[in-house]
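Beneath this line is the structure, given in structure tokens, with notes to follow.
The values are calculated or read from the model by the stated rules, or taken from the named source; none is laboratory data. What you see is a predicted model; the values in this text were computed from it and never measured. Glycine gets a Cβ as well: all are built from the backbone with ideal geometry, and neighbour counts include every protein chain shown. With ligands, DNA and RNA removed, areas are computed over all heavy atoms of the protein, side chains included. Shrake-Rupley method; radii C 1.70, N 1.55, O 1.52, S 1.80 Å.
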Amino acid sequence: MGVHKKSPKRQRGAESPAESAPAAARDNAGVAQPALTTPLRDIPGISRRDADALALLGVTNVGRLVAYLPTRHEFEEAEAPIAELEPGRIISARGEITATRVAGMGRKRRFEAVLCDDTGRLDLVWFNMAFLRDRIGPGTRLRVQGTAKRRGYALQLVNPRFEILDPTGDEPGRADARLRPIYPASERINSRQIGRCVEAVLDIALPLIDDHLAENFRRQRDMPALADAYRMMHAPESEDEVASARRRLAYDELLMLQLGVHLKRAHLRRTLSAPALRFDDATDAHIRARIPFTLTPSQDAVVRDIARDLSSTTPTNRLIQGDVGSGKTVVALYAMLMAAATGHQSALMAPTEILAEQHFLSISDMLEGSKVRVALLTGSTPKTERAGILDQLEAGEIDLLIGTHALLTESVRFRSLAVAIIDEQHRFGVHQRAHMRTHSTAGDDERTTPHVLVMTATPIPRTLGMTLFGDLDISTIDGMPPGRAPVRTRVVGPVKRPDVYAWLRGKLDAGEQAYVVVPAIEDPGPDGPVNLRRLMRELETGPLEGKRVAALHGRLKRDTRAHVMGRFRSGLIDCLVATTVIEVGVDVPNATVMVIEEADRFGLAQLHQLRGRVGRGEKPSVCVLIGEAKTDDGWRRLEAMAETSSGFDLAERDLEIRGPGELFGAKQSGLPPFKVADLTRDLDLLAMARHDAAAWIDRSPRLAGDDETLVRRRLMKRYGDSLGIADVG
Ligand code: ADP
Ligand code: MG
């Protein structure tokens, strides 16, 4: 049995597109013909045992079995004379046994046999199958199949499959070369057995499978019909057929998701509207006057996108991506001030209190002396203060509300919320975005919804962006504000820690500031990871003695935290030893060193975010990753960090290392995974599917045409619930 790239679980309970097809037809005699919905138990060629084993894999009927796809194919050579066999191939041969013996002890105990034909000799060995000596002996005629290995002058097959040939009967014909599908198997049923079950239904099932894509549409894209694709997957005649089948089935998966996403978007646009905000040169000048620097060309471009969006009644759904430090906050501020200029409210939601506090401080700073009223609302806002803020919000006496998840609670009511912004969206997951939209309606009209902007620095790889976030428009802030020195990254093993801290001391002596990040606050045990308390002690009494070192973590009280951050910002603290609470948003230009302890414990996105805390000023910065990766993937992450400083490259690398299913967002999204499509390879298919789906929904926004019944049914079956489109139309 082969190694499977995807686990059998992935196909568990998979619905088959083949299923949504006509019900069982009855022939003239009134006997039920098998249909796609016929249980496998009722299929004569499938044993009860196999049917039960398949049921455990979620494969219960004919349609689902056809949709249960091989993860790869193995090429099996045609049967050949022994002299013509080559090592490294899956070969078949037949001949007569000339000698056998049982050898070895314990786990190495094995049954060996020599198989000869007129042209040569093949050595066979089976481990732990000594009982074979009762069935196979000199003179037995045998047909064998397995992967040939070179052993001395002869070829050897280890644990080959075999068939004892009856010397008196007719021998089976020679096996042709074939591509054997390898199915995700289980303890109860192996790939070959699954293959035989598929063979038992394939011929009756294929003619029952209707295609949801018109022939014309397929021909233009050079795609085989659905039934043909299934046939080519299960019983391919060539590698080309496998490729062609894969292409069609992968395209189908991508197209379905894109159709769902576009259908939903068309629906939202049709049924909801957002306040159109005023936008003219005076407003623009007014807003810019509040920003203490000139926007970069790429910030300018994004601001233009946003201004255009917000001045329309079509609800905005825009993703703003820009690497760590690229300057997304002012862009958010711009949108918020557009709302204020038209007399509406706006909200900015951050994933951590520290970040929310920082946004509140810097935005209040920029708005000093203006009429715009800003408030901060987080989980640690005291009760009475909170009650006051809620009242003012409802009365329209607060223009900009900044906060954390606390903004999403039912009691938070706006008088007229026009712009909702989610910062560092990847830390939230997809659901909050929907929540923000539904919960925070402006005014009493249910059809009014705020414009939504989401910001992320953990860039969404292009591919995922197009799938999971397919309903978002995307703006990108390229490059960095002027005057930034690049950050150098070094990876060192734990033995170098003393050197790292000696060097760090030198930097602090020169007046620069540093962060040291650790994975945990407390001691989980003497051999546990480096933690904050222990490291604080070590540094204060060792390499950083006499320096001003302070701890920062999530368990500190809000006031203490604000106090520490304030002192660090104004240079009264040299080195901040922190947990990942500083991962996002913290912005102190004089900090030039980031040391990350146990770096291999962090994900790539996190490491990149942490590194983004330095390199914010004109002095060159350094990021030191201390760690010793325990896994290959761990090494690859650390190497990737050392090799590139671009968040976009890192996100693509992350996708390669972890696979799309593991990425942020992908899991929380609750969308069913793809079975065939592979987002790291199928970029062109994805682009095609996206383009096709957009054009399709443009032409038929409700997917309600007579010829669209099947595609609609299959779409709803797959995504009706997860995309919340079941009742759209
Ligand atoms: P992020 O995209 O990571 O949220 P921030 O919005 O926090 O980045 O910006 C990082 C720093 O860059 C802040 O100190 C901000 O004031 C500064 N900044 C942003 N845009 C510009 C600009 N156009 N010119 C100069 N400094 C800028
Ligand atoms: Mg930010």
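Please state which of the following conditions R110 fails to meet, knowing it meets all the rest: (1) under 48 Å from the mean Cα position of the chain (by Cα); (2) surrounded by fewer than 17 Cβ atoms within 10 Å (Cβ to Cβ); (3) of a type outside the set (D, E).
(2)
Going through region 263-288 one residue at a time, which ones are crowded, with 22+ Cβ neighbours inside 10 Å and in a helix (DSSP H, G or I)?
L263
Among the residues of region 451-478, which ones are β-branched (V, I, T) and either modelled with pLDDT of 65 or more or within 16 Å of ligand 2 (Cβ to nearest atom) (or both)?
Across region 451-478, the qualifying residues are V452, V454, T456, T458, I460, I474, T476, I477.
Right, A591: within 16 Å of ligand 2 (Cβ to nearest atom), crowded, with 19+ Cβ neighbours inside 10 Å and modelled with pLDDT of 90 or more or not?
Numbers: within 16 Å of ligand 2 (Cβ to nearest atom): yes; crowded, with 19+ Cβ neighbours inside 10 Å: yes; modelled with pLDDT of 90 or more: yes.
When the stated conditions are applied, A591 passes them.
Of everything in region 299-320 that's at pLDDT 95 or above and within 16 Å of ligand 2 (Cβ to nearest atom), which residue is nearest to A274 (Cα to Cα)?
It comes out as I306.
Scan region 79-107 for residues that are open to solvent by 40 Å² or more (accessible area, probe 1.4 Å) and closer than 30 Å to S238 by Cα and jot them down.
Selection gives A83, E84, E86, P87, G88, R89.
Please tell me if E522 is among the acidic types (D, E) and at pLDDT 90 or above.
When the stated conditions are applied, E522 does not pass them.
Could you tell me whether region 598-609 includes any residue that is within 16 Å of ligand 2 (Cβ to nearest atom), out of contact with any helix residue (DSSP H, G or I) (no Cβ under 9 Å at 6 or more places or on another chain) and open to solvent by less than 10 Å² (accessible area, probe 1.4 Å)?
no
Just the residues that are at positive phi and of a type outside the set (S, T, N, Q), please, taken from region 147-164. Step through it out loud before you land on a result.
From region 147-164, those at positive phi are 152, 159; that's our starting set.
Answer for region 147-164, where residues must be at positive phi and of a type outside the set (S, T, N, Q): just G152.
Let's see how each residue does on (1) closer than 20 Å to K717 by Cβ; (2) in contact (Cβ under 8 Å) with a residue 24 or more places away in the chain:
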| site | (1), (2) |
| --- | --- |
| D252 | yes, yes |
| R270 | no, yes |
| D280 | no, no |
| D300 | no, no |
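Give me the residue from region 326-360 that is among the polar types (S, T, N, Q) and closer than 18 Å to Q609 by Cα and, out of that set, surrounded by the fewest Cβ atoms within 10 Å (Cβ to Cβ).
Across region 326-360, the extreme among qualifying residues is T329.
Would you check if there is a residue in region 196-211 being of a type in the set (A, V, I, L, M), open to solvent by 20 Å² or more (accessible area, probe 1.4 Å) and under 34 Å from the mean Cα position of the chain (by Cα)?
Looking through region 196-211, at least one residue is of a type in the set (A, V, I, L, M), open to solvent by 20 Å² or more (accessible area, probe 1.4 Å) and under 34 Å from the mean Cα position of the chain (by Cα).
What is the number of the single condition among (1) touching a helix residue (DSSP H, G or I) at 6+ places or on another chain (Cβ under 7 Å); (2) under 19 Å from A687 (Cα atoms); (3) assigned to a loop (DSSP other than H, G, I, E, B) that Y251 does not meet?
(3)
Only one of (1) in a loop (DSSP other than H, G, I, E, B); (2) farther than 25 Å from T271 by Cβ is not met by S312, so which one is it?
Exception for S312: condition (2).
Does region 627-644 contain any residue that is within 22 Å of the chain's Cα centre (by Cα), within 17 Å of D323 (Cα to Cα) and surrounded by 22 or more Cβ atoms within 10 Å (Cβ to Cβ)?
The answer is yes; a qualifying residue exists.
Among the numbered conditions (1) under 35 Å from the mean Cα position of the chain (by Cα); (2) over 25 Å from R484 (Cβ atoms); (3) among the small types (G, A, S), tell me where A550 comes up short.
With (1) under 35 Å from the mean Cα position of the chain (by Cα); (2) over 25 Å from R484 (Cβ atoms); (3) among the small types (G, A, S) applied to A550, the lone miss is (1).
Restricting the search to region 289-324, which residues are surrounded by fewer than 20 Cβ atoms within 10 Å (Cβ to Cβ) and within 11 Å of ligand 1 (Cβ to nearest atom)?
Those that are surrounded by fewer than 20 Cβ atoms within 10 Å (Cβ to Cβ) and within 11 Å of ligand 1 (Cβ to nearest atom): I291, P292, F293, T294, L295, T296, P297, S298, D300.
Does any residue in region 706-718 that is surrounded by 15 or more Cβ atoms within 10 Å (Cβ to Cβ) come within less than 7 Å, Cβ to Cβ, of a residue that is part of a helix (DSSP H, G or I) and among the small types (G, A, S) six or more places away or on a different chain, and which pairs are these?
Close Cβ pairs satisfying both conditions: L715/G260.
Any chance you could count how many residues in region 331-345 are touching a helix residue (DSSP H, G or I) at 6+ places or on another chain (Cβ under 7 Å) and within 16 Å of ligand 2 (Cβ to nearest atom)?
The number of residues fulfilling the criteria is 4.
From the residues in region 577-588 that are in contact with a strand residue (DSSP E or B) (Cβ under 9 Å, 6 or more places away or on another chain) and not aliphatic (A, V, I, L, M), which one is farthest from ligand 2 (Cβ to nearest atom)?
Result: T579.
Hey, does region 139-155 have a residue that's of a type outside the set (S, T, Y), touching a Phe, Trp or Tyr at 6+ places or on another chain (Cβ under 9 Å), outside any strand (DSSP E or B) and open to solvent by 50 Å² or more (accessible area, probe 1.4 Å)?
No, region 139-155 has no match at all.
What do you reckon, is V676 at pLDDT 85 or above, over 21 Å from the mean Cα position of the chain (by Cα) and surrounded by 15 or more Cβ atoms within 10 Å (Cβ to Cβ)?
no
Any chance you could count how many residues in region 684-695 are open to solvent by 20 Å² or more (accessible area, probe 1.4 Å) and modelled with pLDDT of 90 or more?
Taking region 684-695 as the starting set, the residues that turn out to be open to solvent by 20 Å² or more (accessible area, probe 1.4 Å) are 684, 687-688, 690-691, 694-695.
Those still in the list that are modelled with pLDDT of 90 or more too: 688, 691, 694-695.
Of the residues in that region, 4 qualify.
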